[in-house]
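No lab work stands behind these numbers, since they all come straight from the coordinates. Please read all numbers here as calculations on a predicted model, not as lab measurements. Glycine also receives a Cβ, built like all others from the backbone with ideal geometry; neighbour counts cover every protein chain displayed.
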Amino acid sequence: MAKKQKPKLAVWKFASCDGCQLSLLDCEDQLLPLTERIDIANFPEASRAVVKGPYDLSLVEGSISTPHDAERIHQVRRASKFLVTIGACATAGGIQALRNFIDVKDFISIVYATPAYIDTLKKSTPIAEHIRVDFELRGCPINKEQLVEVVSAFLQGRKPNVRPHSVCMECKRRGAVCVMVAHGTPCLGPVTHAGCGALCPAYHRGCYGCFGPMETPNTREMSAAWERLGVKQKDLVQIYRSFNAYAEPFYSESRIHESKIHQG
């Protein structure tokens, strides 16, 4: 009787820092049992050996920022039965999406000695703006336990159990005191997707929004609370423009405060 072939996993990189791929490698003990059930067929960060597709599961890191990448992502989609985007770059355009607020041509001439060699898009966009995505895993970088859950869910044919609540829930679970209530420290926890384990608030620092907007973020009230703490409009613009600047709730909120600055 022929041995049943294991599902093939591929990991792809686009415009990113490789941090989310390193999170996969950092799984170590959690990853070993999974390798008994899945074949890591294409993962340049870990091995030069490549098994040809199609692939049962693809993990995609990075945003689309060049014409070449815009074409390549369609090739990846065609070669993948199930595709998951991992990290802030792939799900929200990443820190490089700061270009989306300006004319990128103004900076190319300043940064590069030979601008004619640069072939880039006006915007850095998430993968879902180009192809169909089966699941998005947020974070900068992603949570390795959540990643293992996503892969395990795929192997078991079920929906990943990644809860959409905010960082505030994680604060409550680990018994961390609310830094906004107790110390008046500005914190994005109420509008940020859980996944970090409330790392910053646990050390008496406000959340920076690394995991992007949670499912139903009330950014208007969040900004109003920050304003009551004395935060200025220019700082409100900056706080929403970090790793997830192009995620719609954060993008729109930063635009509101930018317009207020221009209005005087």
> Non-local amide H neighbours of Y55 (under 5 Å, H modeled in plane, Pro and chain starts lacking H): which ones?
Replying inline: S80, K81
>> Using each residue's phi in the stretch 182-191, evaluate 6.51 cos²θ - 1.76 cosθ + 1.60 at θ = phi - 60° and report the 3J(HN,Hα) Karplus result to the nearest Hz, with x for Gly and Pro.
In response: 7, 10, x, 8, x, 8, 8, x, x, 10
> List the lysines whose alpha-carbon lies under 17 Å from that of K81, not counting same-chain residues fewer than 8 positions away?
Replying inline: K6, K8, K52, K159
> Which is farthest toward the positive dipole end of the chain among M214, Q233, I256, measuring Cα position about the Cα centre, with Cβ charges +1 (Lys, Arg) and -1 (Asp, Glu)?
Replying inline: M214
> Could you give the longest part of the chain that holds none of the chymotrypsin sites (Phe, Trp or Tyr not before Pro) found in DSSP loops with at most 15 neighbouring Cβ atoms within 10 Å?
Replying inline: 1-111
> Taking amide hydrogens as modeled 1.01 Å from N in the peptide plane, which residues meet the under 5 Å criterion relative to G139, leaving out close sequence neighbours?
Replying inline: G87, A88
> Reachable lysines from K260, Cα under 21 Å, same-chain residues fewer than 8 places away excluded?
Replying inline: K232, K234
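What does the charge count near S16 come to, summing +1 for each Lys or Arg and -1 for each Asp or Glu among other residues with Cβ under 12 Å from its Cβ?
Numbers: positive: K13; negative: D18, E45, E61, D69.
Local charge sum for S16: -3.
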>> Need one word for the chain: rounded, prolate or oblate. Basis is the Cα gyration tensor (sqrt eigenvalues a ≥ b ≥ c); a/c below 1.5 gives rounded, then a/b vs b/c decides.
In response: oblate
>> Out of the trypsin sites (Lys or Arg not before Pro) in the stretch 59-132, which ones are loop residues according to DSSP with at most 10 other C-beta atoms within 10 Å?
In response: R132
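What does the C-alpha gyration tensor say about the overall shape of the stretch 49-171? Classify as rounded when a/c is under 1.5, otherwise prolate if a/b is larger than b/c, or oblate.
On the way: a/c = 2.85, a/b = 1.50, b/c = 1.90.
The shape class here is oblate.
Can you tell me the dipole magnitude for the stretch 36-172 around its Cα centre, using point charges on the Cβ only (Lys, Arg +1; Asp, Glu -1), in Debye to the nearest 20?
On the way: 18 positive and 16 negative charges, 57 e Å.
That gives a dipole near 280 debye.
Assigning unit charges at the beta carbon (Lys, Arg +1; Asp, Glu -1) and nothing else, what dipole magnitude in debye, to the nearest 20, does the chain show about its Cα centre?
Details: 33 positive and 27 negative charges, 88 e Å.
That gives a dipole near 420 debye.
Just need the Rg to Rh number for the stretch 1-98, please, alpha carbons only, Kirkwood Rh. Kindly include the intermediate steps, with their values, before the conclusion.
Numbers: Rg = 14.1 Å, Rh = 14.2 Å.
That ratio equals 1.00.
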>> Between K52 and D18, what is the label-point separation in nm under the 7 Å Cα-to-beta-carbon projection?
In response: 2.8
> What's the center-to-center distance, using Cα atoms, between the stretch 1-77 and the stretch 193-263 in Å?
Replying inline: 32
>> Taking R0 as 45 Å, what FRET efficiency do you get between D26 and H262 from their Cβ-Cβ distance, rounded to the nearest 0.05?
In response: 0.55
